[in-house]
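Asker: Got a structure for you, questions after.
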Amino acid sequence: MGEPESGALNLMYPVCAAGLDYWKRNAVTAAFKAQIPGFPVRMAKDGDDRRNGRDDGTGTAVIARTKPQTKRPNLYRVLLLNDDYTPMEFVVHVLERFFNKQREDATRIMLHVHQNGVGECGIFTYEVAETKVTQVMDFARKHQHPLQCVMEKK
């Protein structure tokens, strides 16, 4: 399907014939029409406005595009807490399974948890961190281990 002919109606935006006449002469929709590819838009010339008494009914509009201001989401650290009962191999397995750590990294984090009482598994957005904490806690309970996993704002 090629480009529509000049003056032809673009089939991506179907409009009935009666509605098209209204649409062409309605000045309120000028900004909307300017967003449709291939739709002819009449630009104002110097001195060509309604204040000069020359209103031909076609209407003109100024379209200003503003860049949306996006804010980075808050990040949360997911932490494993040491206990005296959870086997080290289980902690390594949790790190590999839920945090996609390589065996060496998982072992290093597990030893850090064992020696320091707490270790960081990763940094995530709130929803991801919350999901990972829930998954780890459920998995530990299922295997009857008291492993604790928490999250804190970074």
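Every read-out reported here was derived from the displayed coordinates using simple, explicitly stated rules and does not represent laboratory data. The model shown is predicted, which means the values in this text are computed figures rather than measured ones. Cβ: placed from backbone, ideal geometry, glycine included. Neighbour counts: every protein chain shown.
Asker: I need the calculated FRET efficiency for the pair E96 and V118, taking r as the beta carbon distance and R₀ as 25 Å, to the nearest 0.05.
Answerer: FRET efficiency, E96 to V118: 0.85.
Asker: With +1 on the Cβ of every Lys and Arg and -1 on the Cβ of every Asp and Glu, and nothing else charged, how large is the dipole of region 55-154 about its Cα centre, in debye rounded to the nearest 20?
Answerer: 160
Asker: What nm distance separates the two modelled labels at T134 and M88, each placed 7 Å from Cα along Cα→Cβ?
Answerer: Once both label points are built, they end up 3.3 nm from each other.
Asker: Would you mind checking which residues have amide H under 5 Å from V118's amide H? H placed 1.01 Å from N; only 5 or more apart, or other chain.
Answerer: Residues meeting the criterion, in which the H sits 1.01 Å from N, are N82.
Asker: Please sort 104-110, 61-67, 92-98 by packing, taking for each peptide the average over its residues of neighbouring beta carbons within 10 angstrom, highest first.
Answerer: Values: 104-110: 17.0, 61-67: 8.1, 92-98: 18.6.
In decreasing order of mean packing, 104-110, 61-67, 92-98 become 92-98, 104-110, 61-67.
Asker: Taking the Cα centre of region 55-111 as the origin and placing charges on Cβ (Lys, Arg +1; Asp, Glu -1), which of V91, A64, V78 is farthest toward the positive end of the dipole?
Answerer: A64
Asker: In terms of modelled amide H atoms, which long-range or inter-chain residues lie less than 5 Å from the amide H of Q148?
Answerer: Placed amide hydrogens put L81 under 5 Å from Q148.
Asker: Quick one: net charge around Q102, please, counting Lys, Arg +1 and Asp, Glu -1 for every other residue with C-beta under 14 Å from its C-beta.
Answerer: Here the count lands on +1.
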